[in-house]
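Remarks on the structure that follows.
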């Protein structure tokens, strides 16, 4: 299983609405905003080891890009694990942690985009 994760999903909401939902998903999962460019629909987030009371074992870095697509928007998410000093973890990561964080983020985004 690869350490890096990539997912894309379409939403019926427009770009600003979907971007606001992504900010809400970040806050719900206790993510720390690293950088953002609302005009470009870009968001970078660091997630802690513990999300929603569940210890996952590693920190995760996630980027979210919201792009226009038809009448709605396309969300592109890329994520990878971080080591203890918050550098990209290249080996020794626990299997499934990054995927779990991406899935939690997308699930929260789905709920907020309804």
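General remarks:
- Among the conditions (1) out of contact with any helix residue (DSSP H, G or I) (no Cβ under 9 Å at 6 or more places or on another chain); (2) surrounded by 13 or more Cβ atoms within 10 Å (Cβ to Cβ); (3) touching a residue at least 40 places away in the same chain (Cβ under 8 Å), residue 7 misses just one, which is (1).
- Yes/no for residue 62 being surrounded by 17 or more Cβ atoms within 10 Å (Cβ to Cβ), touching a residue at least 60 places away in the same chain (Cβ under 8 Å), in a strand (DSSP E or B) and in contact with a strand residue (DSSP E or B) (Cβ under 6 Å, 6 or more places away or on another chain): no
- Any hit, the stretch 40-47, residues being surrounded by fewer than 17 Cβ atoms within 10 Å (Cβ to Cβ), at pLDDT 90 or above and in a loop (DSSP other than H, G, I, E, B): yes
- Residue among 74, 104 that alone is part of a helix (DSSP H, G or I), in contact (Cβ under 8 Å) with a residue 24 or more places away in the chain and farther than 15 Å from residue 2 by Cβ: 104
- Taking the stretch 24-39 as the range and being without any contact (Cβ under 8 Å) to a residue 24 or more places away in the chain and not in a loop (DSSP other than H, G, I, E, B) as the test, the residues that pass are 27, 32, 33, 35, 36, 37.
- Residue tally, condition surrounded by 15 or more Cβ atoms within 10 Å (Cβ to Cβ), within 29 Å of residue 83 (Cβ to Cβ) and over 14 Å from the mean Cα position of the chain (by Cα), over the stretch 10-39: 0
The values are calculated or read from the model by the stated rules, or taken from the named source; none is laboratory data. Computed from a predicted model, the values in this text were never measured in an experiment. Counting neighbours? That spans all protein chains shown, and the Cβs are built from the backbone with ideal geometry, glycine included.
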